[in-house]
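Read-outs: derived from the displayed coordinates by stated rules, not from any lab. Keep in mind that what you see is a predicted model, and the values were worked out from it rather than measured. Cβ placement follows ideal geometry from the backbone for every residue including glycine, while neighbour counts extend to all protein chains displayed.
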Amino acid sequence: MKKFYLLIVIFVVTIGFLIYSNHQQQLHVYQTDVQAHDIQMNNLTLVNADNTLYLPGTYSIERLFDEPIDKVFITLSYKDESIYDWLVTLDVLDVADDFGDTFIDHVTLDQDDVINVTIIYDKDGEEVAFDRDIALKDILKEE
């Protein structure tokens, strides 16, 4: 009878382990630079695991030319849905780099998909828009 209970315990533990390991998602790290016409976003890093997207505050946004730029608005989209927006003001050195870490729940990136970065800003009183699709497999750094 003890063998029967021992087999039941081993079976339950094995099933529990298999269910737990199937629910664990791998960690994926994506990294890229995004250059618009007059602005560049450097070191945009996306870390994805367990249905959460983490954006470490290690990126910066800088103006590339001496022409004045105002009201920089950036949108990160995945599967045609906006997942994060920035409204940025460039400092005296024409750089914005004081970003905190950001966690976005309920986002699981698939490395075979595409993210979209849209940058809209005012230059000489006119709105300039830039849109770029980025294949995640092209910017995958770690699995």
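Numbers for the structure displayed
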| read-out | value |
| --- | --- |
| Principal axis dimensions, largest first and in whole angstrom, of the stretch 28-142 by Cα | 42, 24, 22 |
| Cα centroid separation, the stretch 120-143 to the stretch 23-73 (Å) | 9 Å |
| Under 13 Å, Cβ to Cβ, from N116 - net charge with Lys/Arg +1 and Asp/Glu -1 | -4 |
| FRET efficiency estimate (nearest 0.05) - Cβ-Cβ, D112 to T58, R0 30 angstrom | 0.75 |
| Charged-residue dipole, Cβ positions (Lys, Arg, Asp, Glu), the stretch 28-142 about Cα centre, Debye nearest 20 | 280 debye |
| Cβ-based exposure ranking for E126, E142, in which fewest neighbours within 10 Å come first | E126, E142 |
